[in-house]
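Shown next, in structure tokens, is the structure this report addresses.
The values are calculated or read from the model by the stated rules, or taken from the named source; none is laboratory data. Model, not experiment: these values are computed from the prediction. Every residue, glycine among them, receives a Cβ derived from its backbone with ideal geometry; neighbour counts consider all protein chains shown. Side chains are part of the model used for accessible areas, which takes the heavy atoms of the whole protein and leaves out ligands, DNA and RNA. Shrake-Rupley method; radii C 1.70, N 1.55, O 1.52, S 1.80 Å.
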Amino acid sequence: MKKTRATKWVWLTGMVVMIGIVMAPLFMMVKYSISDRSSVVTGGAVIPLWPYHPTLEQFRALAAMDRFAEAALTSLEIALLSVVISLIIGTPAAYALVRHRFPGALVLATFLISVRFFPDIVSVIPIVETFTTVGLVNSVAGVAMAHSLLSIPYVIFIAMGVFEAIPRDLDEQAQVLGASKAYSFIRVILPVALPGLAAASIYVFLLSWDEFIFAYFLLIFGDLSTLPVLLQKILSWTPQHNLLAAISVMLSIPVILFTFIVQKYMQTGATAGAIK
Amino acid sequence: MHYLFQGIRKNLFAILILTPAFLYLAGFLLIILFKVTALALTEAGPEGAIFPSAVNFITLAGNPEFREALIRTVWFTLIGTPLELFTGIAAAFLVVEEFRGRGIIRSVLVLPLAVPAIVTAIILYILFDYPGGHINDIITGRHSFFPFQVLSYPINWRGSGFFALMVSLFGKVWRDMPISMLIILAGLQAINRDQLEAAATLGATALQRFMRITLPLLAPAIATVLVLRSIELWKEFIFPFILAGSYPLLSTLIERAYHEWRNPREASAIALILLLLIILSTVLIFYTLKWLRKRLVRI
Amino acid sequence: MATVIFKNVCKRFGNTKVIQNLNLTVEDGEFVTLVGPSGCGKTTTLRMLAGLEETTEGDIYIGDVHANPVPPQKRGIAMVFQSYALFPHMTVAENIAFGLKLKKSPRDAILAKIDWAVELLNLHKLEGRLPRDLSGGQRQRVALARALVLEPKVLLLDEPLSNLDATLRLRMRAELKRIHRRLKSTILYVTHDQVEAMSLSDRIAIMEEGKLSQVGTPLDVYSKPDNMFVAGFIGSPSINLIPASIRENDGGLIIDLGPCQCGIPEPWRETCRPYRDREVVFGIRPEHIHRRDSYAADLPDINSVDVMVEVVEPLGDRNIVEARMDGIALTLVTEATAEAAPGRSMPVIFDMDRAHIFDSDTGENILCLPESGRVS
């Protein structure tokens, strides 16, 4: 369709506004993280749009801060553990759902995937109560298990797409050549599916990395913290804004980085079930 | 029976590798539903627990804090859902046509999705600070690049229920915009250009083309956005938790009931009410859309 | 090597009958091709033999073993898929070794087998490559090698040449024939290409809508088609099928095509007599219609007619001529030297000894019915 001059201007204005709104908070995050004290605590004067003396001192402070290192490590452990759990449980299920069209497979797939629509804020209290009785509160394993509950549906969804893209001939060929179903799944299909599954695992990692609700409820009364929980805990001490921003940057960097690596899969994950 | 046995044997491998996922998800779901219902229906009497009991719901009904939270949540969702839809549509229309640098712009517009929600909330916490804070600096005309004094005094964003929830909503919409955008974009790209051009040759104006062709064809994508986003808004926790602590929604009231009131039973009752609201609203939206589509297709 | 027997085999998907009562025996060392239009059930038949599809009814025997309950990996067969299904993460050598490793063959034996296959299929210097670095023909050969090293009792080939370009297909066809001669393997081959089927097989099994139409040597199915479907499917260009009727004439029998009448040769008269005054279909292959002047003059005059030439397709060695005999379209093959120009009329003669007459209701070839003199 031909564009008139007017629509072009409307489009350009919209674009500038949209990008401005999207970028402003990100810019502010970076700005605050490299701000020196005088640019944050201004005593009533205007806060500058760019720090008077840009500095990395907040990051140095974080590097020296035991709680930050501990929280980062805990976040990492929980995220990796939830990747392992959800991949081990979700991948074979996805394979079965794609390759063995037994009666009810579609219903089962829909059920398993739609578990992700269950509101986390509703499930968090019963999970914390249950985990308290079995001693999983305030533990890496407990949070990882809760996160897996969120991520297994994603793994199943993404892995189903990956397996669907692998021709059935490959499974059948392996079987005709003498492989059992398990052997052909592990030795033939999984290696071929690896790139797609890697994307799924990055997605699951990020899901756990920035998850707040379960981590907060499960860890609040203990000494463990993930990075998001640490951020919230620090907030209650009314700290300097530049420290908050520095932690935010550290928390966001892996997410932004990985998102661009697996953008394609992120989008399918984010819009999972939306577009068929 | 024999048939069933044969079916199991034939699909033994599939059943074997499906079982862990099924047990994990269905098991958790069952525990959650059982536990939340049990807690919500339990009364902590002086001589031990009484079950079943409606006391938690009765107490909540008489609690002004709960009633306010319920009203806030309804407003939050009612305003937020269309807002999410419109930002998504706007963003999608910005990038649907081919132009130079479209890939990069698209990636930039997806960025909010890549920022952890808690980080976005914290940044908004900083920006909407009182009395300092960038936003207050701007609206009181203290920055040279925006020399208009909208207000003579700074706003206490977190000290007012209205503003606190607006800021939370801004954060929520900001972060979710890419998801809505991507869904609408997929819907837009599925629309055949020829249809629009055919309509143009038949004399339809741009507005008519949008109303008569683009919008109805976009209906499934819009429906998806509305359903998914409204669920998200009902249960939104992080933004109101960080930015509107004194003005709880149902979700943040659950946290307060659990941690401050030390009352898991009432917390569960609120959770159950929230769950019912979500289900009800989803069903309602679903049927409204179905009804609307029937109307739209009429000649 | 083994004999394969299909005994009253049926296959249903839900309520759709895909295979109906299939009976077929593939002898030890025989190369049998299943051929038919797409959707006729040939691939399903192959997949049932492989164990990839369950058999709804009937029995399949591989050698002396009742194969129905045996899973694919234990049937002792090997299959080459249309897509080759090479494992993309394994090198050529690893692909070839895959089945042998599963059989727990000793390493030396595996290496020897790989060498043997590389030699047989001319895969020198490709052993270390990944499938994505191979050409289509090379992939095809690797898929074949991977199947052959297992020394399968039966080798199943599902349209293995259809993804290759025309020249390569001809080369691989010759290659397959050479391998079969050398290894004497039992081969069941599926294709929709009748030329491929004719050139490769010991016997051809023609399938139509889930049923076996005819099984026979290439020559048999060409010269003695059991029915109209087989007659139409085999041979290129296709046989001419003309509605006709049989009538008595001066004590002899003639077949009346409308514009012309042809005498029914003496040996078949008794077979055809019951069809007197009934509708039949007259079938004659384009290569059995000749220009009158170029053909032996001893053919009786009655079998000739003038046709109007419409299109001439010169193929170099011969011409394919589309012509019309009053309203009836006719395809015929003439020598390249023969003069035929569109718009001109041309006298032709039917070689009645090689013509066919089909029952127009059942489609069966009257001349091949058990009581006719022509059945072998």
Margin query: Taking the criterion of being open to solvent by less than 10 Å² (accessible area, probe 1.4 Å) and within 9 Å of chain A (Cβ to nearest Cβ), would at least one residue in region B:222-239 satisfy it?
Written below: yes
Notebook entry, point to check: Of all the strands (runs of 3 or more DSSP E) wholly in region C:182-277, which have at least 1 residues that are over 14 Å from C:I366 (Cα atoms) and polar (S, T, N, Q)?
Noted result: C:186-191, C:211-216, C:240-249, C:261-263
Item checked: Count - residues of region B:165-205 that are facing chain A (nearest Cβ under 8 Å) and among the aliphatic types (A, V, I, L, M) -> 7
Item checked: From B:W234, B:W261, residue being closer than 25 Å to B:L124 by Cα and hydrophobic (A, V, I, L, M, F, W, C) -> B:W234
Notebook entry, point to check: Do you know which of the residues in region B:250-275 that are over 13 Å from A:V122 (Cβ atoms) and of a type in the set (D, E, K, R) is nearest to the chain's Cα centre (by Cα)?
Noted result: B:R256
Item checked: Members of region A:179-194 that are part of a loop (DSSP other than H, G, I, E, B) and either surrounded by fewer than 17 Cβ atoms within 10 Å (Cβ to Cβ) or among the polar types (S, T, N, Q) (or both) -> A:S180
Next item on the list: Determine which member of the set A:V176, A:V124 is crowded, with 24+ Cβ neighbours inside 10 Å and farther than 30 Å from C:M90 by Cβ.
Entry: A:V124
Next item on the list: Please enumerate the residues belonging to region B:108-136 that are more than 7 Å from every other protein chain (Cβ to nearest Cβ) and polar (S, T, N, Q).
Entry: B:N136
Check: Is it the case that some residue within region A:32-39 is under 30 Å from B:A206 (Cα atoms), among the basic types (K, R) and more than 10 Å from every other protein chain (Cβ to nearest Cβ)?
Finding: no
Notebook entry, point to check: Which number in (1) open to solvent by 20 Å² or more (accessible area, probe 1.4 Å); (2) of a type outside the set (S, T, N, Q); (3) touching a Ser or Thr at 6+ places or on another chain (Cβ under 8 Å) marks the one condition that B:M166 misses?
Noted result: (3)
Item checked: Criterion violated by A:F102 - all others in (1) assigned to a helix (DSSP H, G or I); (2) facing another protein chain (nearest Cβ under 8 Å) satisfied -> (1)
Note to self: Tally up the residues in region B:51-69 that are of a type in the set (A, V, I, L, M, F, W, C) and buried (at least 20 other Cβ atoms within 10 Å of the Cβ), please.
What the structure shows: 3
Check: Restricting attention to region A:45-65, which residues are more than 14 Å from chain B (Cβ to nearest Cβ) and in contact (Cβ under 8 Å) with a residue 40 or more places away in the chain?
Finding: A:F59, A:A61, A:L62
Next item on the list: Please verify whether region A:106-113 includes one or more residues that are closer than 25 Å to B:L275 by Cβ, more than 10 Å from chain B (Cβ to nearest Cβ), surrounded by fewer than 21 Cβ atoms within 10 Å (Cβ to Cβ) and hydroxyl-bearing (S, T, Y).
Entry: yes
Note to self: Only one of C:I179, C:I187, C:I254 is open to solvent by less than 30 Å² (accessible area, probe 1.4 Å) and in the same structural domain as C:P274 (by TED's automatic domain parsing). Can you tell me which?
What the structure shows: C:I254
Next item on the list: Confirm whether B:F148 is open to solvent by 60 Å² or more (accessible area, probe 1.4 Å), over 21 Å from A:M18 (Cβ atoms), in a helix (DSSP H, G or I) and free of Cβ contacts under 8 Å to residues at least 12 places away in the same chain.
Entry: no
Notebook entry, point to check: If you scan region B:71-115, which residues turn out to be of a type in the set (G, A, S) and either modelled with pLDDT of 95 or more or open to solvent by less than 40 Å² (accessible area, probe 1.4 Å) (or both)?
Noted result: B:G80, B:G88, B:A91, B:A92, B:G101, B:S107, B:A114
Next item on the list: Of the numbered conditions (1) surrounded by fewer than 23 Cβ atoms within 10 Å (Cβ to Cβ); (2) at the interface with another protein chain (Cβ under 10 Å from one of its Cβ atoms); (3) touching a strand residue (DSSP E or B) at 6+ places or on another chain (Cβ under 6 Å), C:I77 fails exactly one; give the number of that condition.
Entry: (1)
Check: Of (1) within 27 Å of C:E30 (Cβ to Cβ); (2) open to solvent by 40 Å² or more (accessible area, probe 1.4 Å); (3) modelled with pLDDT under 90; (4) not in a loop (DSSP other than H, G, I, E, B), C:L120 satisfies all except one. Which?
Finding: (2)
Next item on the list: Take region B:9-65 and flag every residue that is part of a loop (DSSP other than H, G, I, E, B) and either of a type in the set (A, V, I, L, M, F, W, C) or more than 30 Å from A:A105 (Cα to Cα) (or both).
Entry: B:L41, B:T42, B:P46, B:E47, B:F51, B:P52, B:S53, B:A54, B:G62, B:N63
Next item on the list: Identify, by number, the condition in (1) assigned to a helix (DSSP H, G or I); (2) touching a residue at least 40 places away in the same chain (Cβ under 8 Å) that A:N138 doesn't meet.
Entry: (1)
